[in-house]
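The values are calculated or read from the model by the stated rules, or taken from the named source; none is laboratory data. Since the model is a prediction, treat every value here as computed from it, not as a measurement. Neighbour counts are summed over all protein chains in view; Cβ atoms, including those assigned to glycine, are modelled from backbone coordinates with ideal geometry. Accessible surface areas use protein heavy atoms only, side chains included; no ligands, DNA or RNA. Shrake-Rupley method; radii C 1.70, N 1.55, O 1.52, S 1.80 Å.
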Amino acid sequence: MEKIMGIVNLESASVHVEGIDNYRPVSAASFLGRYRVLDFMISNMTNSKINDIQLYIKNRPRSTIEHVNGTNYNINSKKGRIRILHGEKEYSSEVYNTDVANFKDNMQFIEGAPEPYVVIAPSHFVYVQDFNELVDYHIKTESDITIMYQSVSNAKEAFIMCDTLEIGDDKRVLGFDKNRGKYKNRDVSLECYCMSRSLFIDLVNKASETSSLFWFSDIISDCVKELKVTAYQHRGYAACINSLKAYYDANLELRDHAILKNLISDEWPIHTKTNDTCPTLYKEGADVVDSLVGNGCVIEGTVINSVIGRNVVIKKGAYIKDSVIMPSSLINKNAKIENTVVDRYAIVTHIKELKGTKDKPLYVKRRDRI
Amino acid sequence: MKQKRMVAMILAGGRGTRLYDLTKKVAKPAVHFGGKYRIIDFPLSNCANSNVSTVGVLVQYESVLLNSYIARDYVWGLDVPNGGVFCLPPREKDESGLGLYRGTADAITQNLDFLDLQNAEYVLILSGDHIYKMNYDKMLDAHIKNGADATIAVLEVPMSEASRFGIMNCDEDDNIVEFEEKPKEPKSNLASMGIYIFTYKTLRKYLKDDEKRNDSAHDFGKDIIPAYLNDGLKLLAYRFKGYWKDVGTVNSLWEANMDLIKNSGELNLSDPDWKIYTGDNNAVPQQIGPNAKINVAYITQGCLVDGEVTRSVLFTGATVGEGAKVCDSVIMNNAKISKGASLTRCLVMDDVVVPEGLKLGSKNSKDILLVTKALVNKKVGNK
């Protein structure tokens, strides 16, 4: 019998990716020139041989629905499935549209499942993890709840407003706080939880009885005293894509071959939907260094330290540095772009210069013409 | 069972001896091409784009890889209830025992039961080793409109090269009146592309007759087409305009790859309305390193480039190390060009590692150098 049910959760309430999330949740945004952010979490689950996956969505679901299909993620199309679920009710206000409300609305699919354990992980984190190891650890430590965390030394710049853990002896979680960017070193919760399916159901019910504004992480922090909550350390690269800067930083960090090859390998592939795009054509005049480039591009200009998405056209004399260009954009002759995120189908023509800073990258809207 | 209009049969059993080591363990249709494709992706994608959803693939020579590749019919979107990609190898039969395909026509004859089962009305015969984009649906329209018994796609070739092809001599309405295989003195420049549409009922009868003949080579060009002409059946030439290449040799395979980076753009694979589909892999996007110098190249996902690449095509997973130079070359899947190595006018086979500092090929060579593991070992041994 299958052991684990996978739940890919909504992004937490604090996630706000300026610009990008006007068009889709950031989990469905293009990432590294070929993926969507949520490919990482779904691939983690299917690579962990989890066959029964629930993916929760809310606003602007088009790109997620178009993208996600079990076969793409290497799941048997009969025996396994990725079920795309959403809150069935009309919420009088968006604040009521919490993950708990969504779980509650879809409780029949959770109650009826055969798996004894659930792993809940939100779709806006980027890391690789075998969830079997998490569940084995959870069983070995006889915990009620196991929370995956990352010890980070860049908490001043990254993982802002993420939960942090206060960890005691035997990895016991004693309390929660928020990362407000004050300290360098923090144990950051990856908001990935493992527990028995029955406890999960109890906690969802309890959360909705306590407050209709509660998110699932709130109820966990509420019961940290009564239950045995253990911390499980994740090692390796991890990023939380909860702001435009975090999106920008993660894209640029992963240009590093050493980091990327540990994140994505033949043993742990990141699955995605193929677009059947032809290779990229580098024409005369192209000067590309230190960059990640998707397929289907036509490049005649200069690209430095950047991530270039699928089907991007970069004309002669264009200059792109420290930027993320999402798929199907057109950067015309002599345009100069630095520290900028350009959303899909944008056309950049009539400008001398678009320049953000490393701390505050500029954002160019989807289908924008500049 | 619902009648289907046209069933495609792709001839994919040939060995392709002039490709040497490239086809030692792999049938020619499965040879890689254009960065991320295999040659058979072209006829299969053309079928998918032309709404031909049932495709039989006649395999024979070294077919393990080819079989496993075409079995994934969802790659071309052909996993539909009324279609699919069917692998048809030679088989043991009750009355005749185990027999190989004796020729292109015999391969179809031996699978008439498959075509009966599919209720074929028209049969489209294709070759698994040609690179081109073509709408077979339009060709079928011409076949039906003209009331033809067979329609043959033809390409205008330069008169000087016509003697290398099977040449169709036609009347003013493009009805074929004579077929000449590699004529010394060609009367026309309309070359057969090896693409035929037959009305199935008639074809079935001719194939049955051909099967019994001892003097037949059981070949479409040599036997079936001449028999049709002899009996005065209506054969139509269907003129094709556009890119078409039979990549029979190392030089022509190299050339076809180079056509992808030419400015003329005759073979355009980026047309969103006529995509060439191929088995996807989980390769990461192409990684271009700090020392890379790329000047005119066709590069696909999974490549890692930190050297100098000039007028070359890199296939999935190919790596070019720091200071390595790749010029006018084709680097196939997962081949590794180590630091400081230098290649000119080479075609490097899958998985070959070119060691540090090794120089191969030359600017003025007549032929493209096929770089195999054996060749590299020999060169290193000689040092």
inquiry  = Give the separation of the Cα centroids, region B:187-206 to region A:135-175, in Å.
reply    = 70
ask   = Cα centroids of region B:17-93 and region B:281-351: how far apart, whole angstrom?
value = 27
message = List the lysines whose Cα sits under 19 Å from the Cα of residue B:212, skipping any in the same chain fewer than 8 residues away.
response = B:93, B:201, B:222
With DNA, RNA and ligands ignored, accessible area of residue B:322 (1.4 Å probe; Å², nearest 10) = 90
inquiry  = What is the sum of charges, Lys and Arg at +1 and Asp and Glu at -1, for the other residues whose Cβ falls under 12 Å from the Cβ of residue A:297?
reply    = +3
request  = Work the Kirkwood hydrodynamic radius out for chain B: mean of 1/r over every pair of different alpha-carbon atoms, inverted, in Å.
outcome  = 22.1
Unsatisfied cross-links (Cα-Cα over 24 Å) in the set A:184/A:206; A:315/A:355; A:283/B:24 = A:184/A:206; A:283/B:24
task = Report Rg/Rh for region B:157-301, rounded to two decimals, where Rg is the Cα radius of gyration and Rh the Kirkwood radius.
result = 1.10
note = At 4 °C and 1.567 mPa s, the Stokes-Einstein diffusion coefficient in µm²/s for region A:134-258, with hydrodynamic radius from the Kirkwood sum on alpha carbon pairs, is 84
key: Separation of the residue B:359 and residue B:92 label points, Cα + 7 Å toward Cβ, nm   = 5.8
message = Once neighbouring chains are kept in place and the probe is 1.4 Å, which whole percent of the accessible area of region A:281-364 is contributed by carbon and sulfur?
response = 48
message = Need one number: nm distance between label points at residue A:198 and residue B:377, each 7 Å from Cα along Cα→Cβ, rounded to one decimal.
response = 6.2
message = Could you report the accessible area of residue A:67 in Å², rounded to 10, computed with a 1.4 Å probe on the protein chains as they sit in the structure?
response = 10
ask   = Over region A:1-128, what is the mean sequence separation of C-alpha contacts under 8 Å (at least six apart), divided by residue count, expressed as relative contact order in percent?
value = 42
task = Starting from the Cα-Cα distance between residue A:90 and residue A:154, subtract it from 0.36 nm times their residue separation and give me the gain in nm to one decimal.
result = 19.1 nm
query = Once A and B are treated as a pair rather than alone, how much accessible area drops out, both sides summed, in Å² to 100, probe 1.4 Å?
reply = 2600
key: Length-normalised contact order of region A:281-364 in % [C-alpha pairs under 8 Å, at least 6 apart]   = 20
query = If you build the Cα gyration tensor of region A:4-260 and take the root of 5 times each eigenvalue, what three semi-axes come out, in whole angstrom, biggest first?
reply = 24, 23, 19
ask   = For region A:4-260, what's the relative contact order in percent, using C-alpha pairs closer than 8 Å and at least 6 residues apart?
value = 24
query = Once you wrap a convex hull around the alpha carbon atoms of region A:281-364, what is its projected area averaged over all directions, in nm²?
reply = 4.3
key: Coordinate range along principal axes, alpha carbons of region B:267-383, Å, largest first   = 51, 33, 24
Region A:271-325 and region A:207-257: distance between their alpha carbon centers, rounded to Å = 33
task = Among the trypsin sites (Lys or Arg not before Pro) in region A:289-370, which ones are in a DSSP loop with at most 15 other Cβ atoms within 10 Å of the Cβ? Mind listing them?
result = A:316, A:333, A:352, A:358, A:367
Relative counts (whole %) of C-alpha pair distances in the protein assembly as shown, using bins that are 20 Å wide = 15, 40, 32, 11, 1
key: Global geometry of region B:1-99, whether rounded, prolate or oblate, following the gyration tensor of its Cα atoms and the 1.5 cut on a/c   = oblate
request  = Run down the aspartates and glutamates and flag those whose C-alpha is under 12 Å from the C-alpha of residue A:89, throwing out any fewer than 8 positions away in its chain.
outcome  = A:105
ask   = Taking 0.36 nm per intervening residue step and subtracting the Cα-Cα distance, what contour gain separates residue A:268 from residue A:334 on full extension?
value = 19.7 nm
note = Filtered hits (aspartates and glutamates, Cα-Cα < 20 Å from residue A:3, offset >= 8 within chain) -> A:52, A:111, A:115, A:130, A:133, A:136, A:142, A:144, A:202
ask   = Given a 1.4 Å probe, how much area per residue of region B:119-251 is accessible, in Å²?
value = 46
key: Descending Cα extents along the principal axes, region A:57-162, whole Å   = 39, 37, 29
task = List, in the order given, every pair from A:178/A:245; B:325/B:366; B:205/B:241; A:58/A:245 whose Cα-Cα distance in the structure shown is over 27 Å.
result = B:205/B:241
request  = Any chance you could run the full-extension gain for residue A:169 through residue A:353? It's 0.36 nm times the residue separation minus the Cα-Cα distance, nm to one decimal.
outcome  = 60.8 nm
